[in-house]
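Here the structure comes first, spelled out in structure tokens, and everything after it is commentary.
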């Protein structure tokens, strides 16, 4: 029998709670069981005047709105509030009844400006602590990687920094400075987002203005344990030591193994990992070879005497400082009469100069170790690709991190912190769903998460989080 649905009569009352209208397997309903933001009000209380002014938006409701938008890949505040008008799950997750009015989209912008990036980082750290309390963080093996986030700027806003500054300083007071065609040889910045810098996300990608997100992922369950955002021109490997220190302060577990790609294969990183006793599964780059020149590996470096000997036994002494280490230069009178001059010096060169980076002996040992990789090292490096790079792909494809939603560095940091928190909450919700007998998961994560955060902030090498959770 053909049925009929009457559409002209609207219901004046809803018989039942709003929660029953949302499927039990909905992502927001599963995350609500493990999300605890009761601590947030005391955290942001200092940002408001308690004596005067209008009552602001509830902090937990504002954060829940932002998280709900990122769960659905919505990064625009306008689009988020429009979706919340008709989406029962978002309205219920944020705590708004059907007859209640949602806040204006500009209120979320003012909240981000008032709180700052550091308070949003604490939200991310709480998600890490909750995952650690549930046993999802081991902390001994980390996968470190970086990705480029396209800045929210247009190519027309890119100007030549030097020309723009000169024209601005020398322009008449009653005339605006002229805008000429920017030169390609000078560094360019965006007039709408000065913090964005040019960077490349991969060997097959073009140069774009953006930011870099440096991410550390735990090997046990893929939980993101640290996130840092810098300008797009920042080197990927220069912040590895600081990132490991933050991870150990967060988890309280010494890092034993670190995996990363060739962008982190710096001599300083190898030297730092050796000193701290951490195994580096990082493919060391091969030496650059130039035709008709003796390679650098033939020169013997003595770190005790701080000098270099060439294959003929001549001494090259330290000459000047470089970005990565020191330049060593031979004597002109010895190089000009050397029988290997044609094989060692370039045309027009009077003495051989080589660059020895800081931690160069550790780099040589890493190159030799690279040739002795076994099944365990190859397995860890394979896991690095789908752990670290997979986390970046998930953030960009599912949660809108391919392009920055707002401008300036602190805004991009907030977006990165909330996106990482969303990814961690997804893993925590899936873990609790797979274990129905995991009683009071939300209360346990909240109680032990607060305890672990308190301990980790006071002792950089506290006992294991898994022991604390037990």
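The values are calculated or read from the model by the stated rules, or taken from the named source; none is laboratory data. Keep in mind the model is a prediction, meaning the values are calculated, not measured. Don't worry about glycine lacking a Cβ; one is built from the backbone with ideal geometry, like all the others, and counts go over all protein chains shown.
For the range 412-425, name all the residues that are over 16 Å from residue 216 (Cα atoms) and either free of Cβ contacts under 8 Å to residues at least 40 places away in the same chain or out of contact with any helix residue (DSSP H, G or I) (no Cβ under 7 Å at 6 or more places or on another chain) (or both). Once the filter is applied, which keeps residues that are over 16 Å from residue 216 (Cα atoms) and either free of Cβ contacts under 8 Å to residues at least 40 places away in the same chain or out of contact with any helix residue (DSSP H, G or I) (no Cβ under 7 Å at 6 or more places or on another chain) (or both), the range 412-425 yields 412, 415. Of 233, 228, all but one fail to be in a loop (DSSP other than H, G, I, E, B) and touching a strand residue (DSSP E or B) at 6+ places or on another chain (Cβ under 6 Å); the exception is 233. Residue count for the range 364-394 under the criterion of being part of a helix (DSSP H, G or I) and without any contact (Cβ under 8 Å) to a residue 40 or more places away in the chain: the result is 10.
Within the range 236-256, the residues that satisfy the criterion of being touching a helix residue (DSSP H, G or I) at 6+ places or on another chain (Cβ under 7 Å) and either touching a residue at least 60 places away in the same chain (Cβ under 8 Å) or in a loop (DSSP other than H, G, I, E, B) (or both) are 236, 240, 249, 250, 251, 252, 253, 254, 255.
Quick grid of which residues meet (1) crowded, with 18+ Cβ neighbours inside 10 Å; (2) more than 23 Å from residue 322 (Cα to Cα):
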position	(1), (2)
348	no, no
358	no, no
361	no, no
375	no, yes
381	no, yes
391	yes, yes
400	yes, yes
414	yes, yes
423	yes, yes
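Residue count for the range 257-285 under the criterion of being out of contact with any strand residue (DSSP E or B) (no Cβ under 8 Å at 6 or more places or on another chain), within 18 Å of residue 325 (Cα to Cα) and part of a loop (DSSP other than H, G, I, E, B): the result is 3. From the list 288, 314, 304, the one residue that fits, being out of contact with any strand residue (DSSP E or B) (no Cβ under 8 Å at 6 or more places or on another chain), farther than 30 Å from residue 255 by Cβ and modelled with pLDDT under 85, is 288.
None of 46, 53 is at pLDDT below 90, part of a helix (DSSP H, G or I) and surrounded by fewer than 15 Cβ atoms within 10 Å (Cβ to Cβ) except 46. Restricting attention to the range 124-138 and to residues that are farther than 23 Å from residue 238 by Cβ and in contact with a strand residue (DSSP E or B) (Cβ under 7 Å, 6 or more places away or on another chain), the residue that is surrounded by the fewest Cβ atoms within 10 Å (Cβ to Cβ) turns out to be 138. Listed conditions (1) surrounded by fewer than 23 Cβ atoms within 10 Å (Cβ to Cβ); (2) within 17 Å of residue 143 (Cα to Cα) are all met by residue 269, apart from (1).
Take the range 298-315 and flag every residue that is assigned to a loop (DSSP other than H, G, I, E, B) and touching a residue at least 24 places away in the same chain (Cβ under 8 Å). Result: 299, 303, 310, 311, 312, 314.
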